[in-house]
Amino acid sequence: EKGGYATFMEKEINDQPHAVADTLLGRTDASGRLVLDELRISEEQLKAVDRITIVACGTAAYAGMTAKYAIEHWTRIPVEVALAHEFRYCDPIVNERTLVVSISQSGETMDTLMAVKHARDLGALTISICNTHGSTIPRESDAVLYTHAGPEIAVASTKAFLAQITASYILGLYLAQLRGGSFADDAQAVMKELAEVPGKIETLLGRMGRVKEIAKFMADTRSVLFLGRHVGYPVAMEGALKLKELAYIHAEGFAAGELKHGPIALIEPGQPVFVIVPSPTSEHGLHGKVVSNIQEIRARGARTLVIAEEGDESVVPFADEVISVPATSQLLAPLLTVVPLQVFALWLSTAKGLDVDQPRNLAKSVTVE
Ligand code: M6R
């Protein structure tokens, strides 16, 4: 059942090319146009949407944060991401033109369910992105877009995260196509690029030996920091969450631009810091800005573990380790850059002799508020 792997988590990390490929499957017609008949919401209703709120918890919320960048870029509809338990009790501004998108692997998370019910009571249109057929959240929503990651057994979410990003991107591209704005034609090009991602994850998985080595020698580490920018920011937060839940060590993800506003004071000699570097081709010169951040923390003694696009030599002088990921466009990069962070958490937990699949104090689905 673990497919020859020692843990479900290792198996599920290695299942990720399929999780993405299967989630993409059957969502385009022969000409490459997105077709989401399964949504069962009229095109008129969807076209009328003027605000999107994504509600989710934990890893699913980080998938939502990633989706915000993509959906806003493609549709120009304002997207807000709310932790479901905060949304429910903050007197949210929601009406019939608001699309509330919930993201949940299990479909049973009580916090997320309560948020969806509340949104419906307020008249919002609700779509659930979910991995579990027949679960409660899809039943309580107007429509569902299933992720096809297959059952996820390990408490720490991995393949569901990639499938959630994929499904929310499909939804964003579909909305862009429906609205017919300037981006509509590009939706098909992005779908083609997404179709290449599973092969790239496969390539990346083949390179994870070094990450395992790094983790093995870090069993005594007491704190790890993660920095990222734009879509690299939620990836940094997800990397930190994986490490907290699996290795029980203090870990924190920051937006790299925030470093100088406080967190840089945490840097002392030997502090390990993962940095997710945007592609050198990213918009707005973000690459150069993150490379400067690496220089700044390196100068203060940080041990820099740098995740960068393959062929990006500019990071080499400031990196203690470079982990190369295949090139892809800026918005799709999280589907690759998060993988080394998952692998790192898996092997650090293993190095500490901990229970990878069943970390202490946690349940796979949190069915209480
Ligand atoms: O089943 P859900 O996607 O609704 O679960 C949400 C969170 O509880 C979940 O992602 C949690 O943060 C994971 N254990 C993270 O690895």
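The values are calculated or read from the model by the stated rules, or taken from the named source; none is laboratory data. If you're wondering where the values come from, they're calculated on a predicted model, not measured in any experiment. FYI the Cβ positions are ideal-geometry reconstructions off the backbone, even for glycines, and counts take in every protein chain you see. Each accessible area value is taken on the protein alone, full model and side chains, heavy atoms only, with ligands, DNA and RNA left out. Shrake-Rupley method; radii C 1.70, N 1.55, O 1.52, S 1.80 Å.
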Per-region count, the range 244-255, residues open to solvent by 10 Å² or more (accessible area, probe 1.4 Å) and either within 14 Å of the ligand (Cβ to nearest atom) or over 19 Å from Ala351 (Cα atoms) (or both): 7
Test: residue in the range 234-243 that is surrounded by fewer than 18 Cβ atoms within 10 Å (Cβ to Cβ) and either modelled with pLDDT of 95 or more or away from the ligand (no atom under 16 Å from the Cβ) (or both): no
Residue selected from the range 82-100 under the condition modelled with pLDDT of 95 or more and part of a helix (DSSP H, G or I), by the criterion nearest to Arg51 (Cα to Cα): Phe87
Subset of the range 125-148 (residues that are more than 13 Å from the ligand (Cβ to nearest atom), more than 14 Å from Gln164 (Cβ to Cβ) and open to solvent by less than 10 Å² (accessible area, probe 1.4 Å)): Thr126, Ala143
Tally, over the range 233-260, of residues that are β-branched (Val, Ile, Thr) and assigned to a helix (DSSP H, G or I): 1
Residue count, the range 299-355 (criterion: of a type in the set (Asp, Glu) and either touching a Lys or Arg at 6+ places or on another chain (Cβ under 9 Å) or open to solvent by less than 40 Å² (accessible area, probe 1.4 Å) (or both)): 4
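Table: residues versus (1) of a type in the set (Lys, Arg); (2) in contact (Cβ under 8 Å) with a residue 60 or more places away in the chain; (3) under 19 Å from Met237 (Cα atoms).
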| position | (1), (2), (3) |
| --- | --- |
| His284 | no, no, no |
| Gln295 | no, no, no |
| Val316 | no, no, no |
| Ala333 | no, yes, yes |
| Leu348 | no, yes, yes |
| Val356 | no, yes, no |
Hey, Glu296 modelled with pLDDT of 95 or more, closer than 17 Å to Val338 by Cα and open to solvent by 40 Å² or more (accessible area, probe 1.4 Å) or not: no
Filter result (crowded, with 23+ Cβ neighbours inside 10 Å and either at pLDDT below 95 or over 20 Å from Val322 (Cβ atoms) (or both)) within the range 197-229: Val197
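Suppose we filter the range 43-81 for residues that are outside any helix (DSSP H, G or I) and more than 14 Å from the ligand (Cβ to nearest atom); how many remain?
Initial filter on the range 43-81 (outside any helix (DSSP H, G or I)): 48-57, 76-81.
Within this subset, residues satisfying the condition of being more than 14 Å from the ligand (Cβ to nearest atom) are 48-53, 76-80.
Result for the range 43-81: 11.
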Given (1) closer than 28 Å to Ala48 by Cβ; (2) crowded, with 24+ Cβ neighbours inside 10 Å, index of the condition Ser157 fails: (1)
Selection within the range 261-282 - surrounded by 12 or more Cβ atoms within 10 Å (Cβ to Cβ) and assigned to a helix (DSSP H, G or I): Pro263, Ile264, Leu266
Residue list for the range 45-60, filter: among the hydrophobic types (A, V, I, L, M, F, W, C) and surrounded by fewer than 24 Cβ atoms within 10 Å (Cβ to Cβ): Leu46, Ala48, Val49, Cys57
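To keep it simple, each residue is scored yes or no on (1) out of contact with any Pro (no Cβ under 8 Å at 6 or more places or on another chain); (2) farther than 30 Å from Gly3 by Cβ; (3) free of Cβ contacts under 8 Å to residues at least 12 places away in the same chain.
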site	(1), (2), (3)
Glu72	no, yes, yes
Val81	yes, yes, no
Arg97	yes, yes, no
Asp111	yes, yes, no
Leu122	no, yes, no
So Gln177, is it near the ligand (Cβ under 9 Å from one of its atoms), open to solvent by less than 30 Å² (accessible area, probe 1.4 Å) and part of a helix (DSSP H, G or I): no
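Report yes if Ala189 is open to solvent by 20 Å² or more (accessible area, probe 1.4 Å) and among the aliphatic types (A, V, I, L, M), otherwise no.
yes
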Residue list for the range 316-369, restricted to those being among the hydroxyl-bearing types (Ser, Thr, Tyr) and farther than 30 Å from Met114 by Cα: Ser324, Thr328, Ser329, Thr337, Ser349, Thr350
Residues that are under 25 Å from the mean Cα position of the chain (by Cα), among the hydrophobic types (A, V, I, L, M, F, W, C) and over 30 Å from Asp357 (Cβ atoms), drawn from the range 1-50: Leu34, Val35, Leu36, Leu39, Leu46, Val49
Residue within the range 156-171 that is within 16 Å of the ligand (Cβ to nearest atom), part of a strand (DSSP E or B) and not aromatic (Phe, Trp, Tyr) present: no
All positions within the range 103-117 that are more than 6 Å from the ligand (Cβ to nearest atom) and open to solvent by 10 Å² or more (accessible area, probe 1.4 Å): Glu108, Met110, Asp111, Leu113, Met114, Lys117
